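Structure record follows, encoded as structure tokens.
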There are 2 protein chains.
Amino acid sequence: MKQAKISDAVVKRLPIYLQVLNELKAREIKTISSQELGSRLEFNPAQIRKDLAYFGDFGRKGIGYEVDYLIDKIRHILKINQTIHVALIGAGNLGHALCNYNKYSNDNMQIVAVFDSYEPKIGTKINTLTVQPMNELAETIKQHNIRIGIITVPAQEAQNVANQLIAGGIEGILNFAPTILRAPEEVRVQHADFTKELLSLAYYLNNKEEEQDESSVD
Amino acid sequence: MKQAKISDAVVKRLPIYLQVLNELKAREIKTISSQELGSRLEFNPAQIRKDLAYFGDFGRKGIGYEVDYLIDKIRHILKINQTIHVALIGAGNLGHALCNYNKYSNDNMQIVAVFDSYEPKIGTKINTLTVQPMNELAETIKQHNIRIGIITVPAQEAQNVANQLIAGGIEGILNFAPTILRAPEEVRVQHADFTKELLSLAYYLNNKEEEQDESSVD
DNA sequence: TAGATTGTTAATCGATTAACAATC
DNA sequence: TAGATTGTTAATCGATTAACAATC
């Protein structure tokens, strides 16, 4: 265990490990080696061992990692052993989708409040939650000890919403709007913009390795 | 212009550049330097110049980059000057959200068919599209020259859907299901799993730099 | 014990950044 | 011309991988 500063690359991989481990658990596999975990993920086994070793000695030489134990450790590292309260701003289709995801996932992120600025939506229900007006945001954040805000409003409104979240004392933002948000350093902003994923996917369509063509761009 | 092989890191940044450039264009800014683009994105200017220079000499010394011209070039690189046909599998809330996004975005990705395996959904409409049964997938891919498939089904069904897409001759998959998909090398799979983003966000909540605590994990 | 696999150090690889000649 | 900014080379930094002693 070192607890130097952990690189973003490592942190990004932890949820991936967790995902596979959960699948292994569901299949009642008790133990896994970095070798095998690596082959499932197409990751280098040494990388996996190194990533995990940043946080502790979770494995056993000659044996590997115990699935249940490792799940628990990673959940602990990611803070999802404790429940984290989340607010969602933007009660559109995407907002609905996220609320549903929420129901089924077994991590302890919980959307506890939904907001929208569009008058007719206020007071409507999403599952058990009632859509609230934006002017209740700051108060609700305090009341429910909300630490993360998810932004699912159109791009033009996103910065404004972000500002309100920040003013309300939020610690992290997951932004689905296709725009760059400005935020103070102490507020972590994560961009979950699938249009970017889709566009970079497009790049690879005609660029399958050797068939690259000097003149293609120009 | 070199056209060696371009690293994933570079390709990931192109859509980000495009996004900012589009915003600049909307504000009728004609020209931008790597310096200023960098300050908006908190990217290093040299990195931006280098990224762009992989694809051509798009800038002008002493001046910077012409916004319109650069947009056009990046769109070209990403292949979104041409329309790319997309199929969406899974007509839930997330599927609906993506179909709507589609309407508003100005890139030429177009969802031209929607599929679902759940009987009652088949024949219902999402905007102008009619939800089709899975057994029409392969045929429709060919008919409409569909190159990308978006998977928005539950995790347990995702691999099965992916297999059908692959069998149908798809070139790229954008997977929203929180599971690892197996696919042959020539099919590019991009994971757009926001649960992972959310989880890594959680990590940073209590780990704000110096307040890190040796004993916290153990 | 012999075989397997970890945790970790050292070597490699690749990506980012600094610096600067070229030039608009 | 003088000032600005590119494209690109060289230097730096960081992340990945190989290798192996420790040990279950």
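The values are calculated or read from the model by the stated rules, or taken from the named source; none is laboratory data. Nothing here was measured: the structure is a model prediction, and the numbers come from that model. Note that we place each Cβ from the backbone using ideal geometry, even for glycine, and neighbour counts take in every protein chain shown. Protein only, heavy atoms only, side chains kept; ligands, DNA and RNA dropped before computing areas. Shrake-Rupley method; radii C 1.70, N 1.55, O 1.52, S 1.80 Å.
Which of the residues belonging to segment B:34-62 are open to solvent by 40 Å² or more (accessible area, probe 1.4 Å) and either of a type in the set (Gly, Ala, Ser) or more than 8 Å from DNA strand C (Cβ to nearest atom) (or both)? Write out each step before concluding.
First, the residues of segment B:34-62 that are open to solvent by 40 Å² or more (accessible area, probe 1.4 Å): B:35-36, B:39-40, B:42-44, B:46-47, B:49-50, B:53-54, B:57, B:60-62.
B:GLN35, B:GLU36, B:SER39, B:ARG40, B:GLU42, B:ALA46, B:ALA53, B:TYR54, B:ASP57, B:GLY62, listed by residue number.
Taking interchain pairs and intrachain pairs at least six residues apart, which have beta carbon atoms under 8 angstrom, with the first residue in segment B:119-146 and free of Cβ contacts under 8 Å to residues at least 24 places away in the same chain and the second assigned to a helix (DSSP H, G or I)?
B:GLN132/B:THR140
Evaluate segment B:120-139: report whether one residue or more is open to solvent by 30 Å² or more (accessible area, probe 1.4 Å), within 16 Å of DNA strand C (Cβ to nearest atom) and either at pLDDT 95 or above or among the β-branched types (Val, Ile, Thr) (or both).
The answer is no, given that none of the residues of segment B:120-139 is open to solvent by 30 Å² or more (accessible area, probe 1.4 Å), within 16 Å of DNA strand C (Cβ to nearest atom) and either at pLDDT 95 or above or among the β-branched types (Val, Ile, Thr) (or both).
Evaluate segment B:172-193: report whether one residue or more is charged (D, E, K, R) and under 16 Å from the mean Cα position of the chain (by Cα). Working first, answer last.
Taking segment B:172-193 and keeping what is charged (D, E, K, R), we get B:182, B:185-186, B:188, B:193.
Checking the rest, the ones that are also under 16 Å from the mean Cα position of the chain (by Cα) come to B:188, B:193.
Checked against the condition, which is being charged (D, E, K, R) and under 16 Å from the mean Cα position of the chain (by Cα), segment B:172-193 yields at least one hit.
I'd like the full set of residues that are facing another protein chain (nearest Cβ under 9 Å) and closer than 20 Å to B:ARG40 by Cβ, limited to segment A:155-175.
Listed by number, the residues that qualify are A:ALA155, A:ILE173.
Could you please find all residues in segment A:27-82 being more than 11 Å from every other protein chain (Cβ to nearest Cβ), in contact with a Lys or Arg (Cβ under 9 Å, 6 or more places away or on another chain), away from DNA strand D (no atom under 13 Å from the Cβ) and under 24 Å from B:LEU205 (Cβ atoms)?
The answer is A:ILE71, and nothing else.
Which numbered condition in (1) under 21 Å from the mean Cα position of the chain (by Cα); (2) more than 21 Å from B:HIS191 (Cα to Cα); (3) modelled with pLDDT of 95 or more is the only one that A:LYS79 fails?
Going through the list (1) under 21 Å from the mean Cα position of the chain (by Cα); (2) more than 21 Å from B:HIS191 (Cα to Cα); (3) modelled with pLDDT of 95 or more, A:LYS79 breaks only (3).
For A:ALA202, only one of the following conditions fails: (1) surrounded by fewer than 17 Cβ atoms within 10 Å (Cβ to Cβ); (2) outside the structural domain of A:PHE115 (by TED's automatic domain parsing). What is its number?
All conditions pass for A:ALA202, except number (1).
Those residues that are among the β-branched types (Val, Ile, Thr) and crowded, with 18+ Cβ neighbours inside 10 Å, I need them from segment A:21-33; list them, please. Give the derivation first.
Within segment A:21-33, the subset among the β-branched types (Val, Ile, Thr) is A:29, A:31-32.
Scanning segment A:21-33 gives a single hit, A:ILE32.
Give the residue that is nearest to A:HIS191 (Cα to Cα), with candidates limited to residues of segment A:140-177 that are among the polar types (S, T, N, Q) and open to solvent by less than 40 Å² (accessible area, probe 1.4 Å).
Of everything passing the filter in segment A:140-177, A:ASN175 is nearest to A:HIS191 (Cα to Cα).
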